[in-house]
1. Counting only heavy atoms of the protein chains, get the accessible area per residue of the chain (1.4 Å probe) and round it to a whole Å² value.
2. For segment 1-153, build the charge dipole from Cβ charges (+1 Lys, Arg; -1 Asp, Glu) around the Cα centre, then report which of 137, 86, 30 sits farthest towards its positive end.
3. Over all Cα pairs of segment 1-136, how is the pair count split among 10 Å bins, expressed in % and running from 0 up to the last occupied bin?
4. If the cut-off is a Cα-Cα distance under 20 Å, which lysines reach residue 259, setting aside same-chain residues fewer than 8 apart in sequence?
5. Could you tell me what percent of the accessible area of the chain is made up of carbon and sulfur, with a 1.4 Å probe and every protein chain present?
6. For a protection proxy built on the mean count of beta-carbon atoms within 10 angstrom, sort 77-88, 25-36 highest first, please.
7. Suppose accessible area is computed on protein heavy atoms with a 1.4 Å probe; arrange 127, 161, 156 from highest to lowest.
8. May I ask you to give the average projected area over all directions of the convex hull of the Cα atoms of segment 34-84, in nm² rounded to one decimal?
Amino acid sequence: MGECALPGFVTSKYFPAAVKLIRHVSAKIPVIRGVTMLAAEGRAAVSRVTYRRGERPSQSIDVDHLLLHQGVAPNAQLSIAAGCAIRWSESQACWHPGIDPWGETSIESISIAGDGAGILGAESASRSGRLCGLNAACKLGRIDPLARDRAAAPLRRELARFARGRRYIDMAFLPDRAFRVASADTLVCRCEEIRGRQITELLDTHGAIGPNQLKSFLRCGMGPCQGRECALTVTEMIAAHRGVSPAAVGSYRLRFPIKPITVAEFASLPQEHADLHAVVRM
């Protein structure tokens, strides 16, 4: 499948930069491929990483930092909290807000441009923003639909050119399923210190529950990050346990604020936000 997507990548604008980056990294940093197990170890902080490649013996590296990723995933927290319809992307193993060709979501007054709707790169983000702007101008009566469509045509051609090769990038950066569906000892929810074993045991006991029912039992997704770190893992773990698609499982219902804020930040809001001040006093 990766080989089928490679020709589009080779002929894309990303290929020369990718070759340059790979050469630069390979010349200075050891790249270890085919890792099937990874563990962060240490007491007060990470000090060592242990990994295994296939059936080979485990090896360890002393480290000061460990940086992880979960593929090419957009931050859909705001759109989910706002109630916009979302869809599961199999190619990126994450949630995307459902948008039409103009960036409009299921809520008519909300449009999304750029990486919040799906990771396509900076150039694509700027063009999708212009499409949202054209559609807004049309809805406000500043331009007619014909003028909107005429102005959008070159933007759509550019978007199609920028999108060439994205499928290969998505596939290349998609983490293996073994790293997305947590094992028993893996810390799934760092805020509430919930491990994979606890989630699996609850699913064995209660059957076909979803992320929000799981939240009620274990508080997964109720910590300071509001599910930014664990939501995708929880969805895929439940889907694997039930033998269904993540799309059938759904995601957390999110509440504002999306990111942690201090009481001082609340208190500094202008007086017109008196309702929020009342919440703080309560």
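1. Accessible area per residue: 62 Å².
2. Checked the options; the winner is 30.
3. P(r) over segment 1-136, rounded to whole percents: 10, 25, 28, 24, 11, 1.
4. Within reach: 215.
5. Details: 9740 of 17380 Å².
On the chain, the fraction of accessible area on carbon and sulfur atoms equals 56 percent.
6. Working: 77-88: 17.4, 25-36: 9.0.
Highest-to-lowest ranking by the protection proxy: 77-88, 25-36.
7. 161, 156, 127
8. Mean orientational projected area (segment 34-84, Cα hull): 5.8 nm².
The values are calculated or read from the model by the stated rules, or taken from the named source; none is laboratory data. Since the model is a prediction, treat every value here as computed from it, not as a measurement. As a convention, Cβ positions derive from the backbone with ideal geometry for all residues, glycine included, and neighbour counts pool all protein chains shown. Ligands, DNA and RNA are stripped out before the accessible areas are found, and what is left, the full protein with its side chains, is counted by its heavy atoms. Shrake-Rupley method; radii C 1.70, N 1.55, O 1.52, S 1.80 Å.
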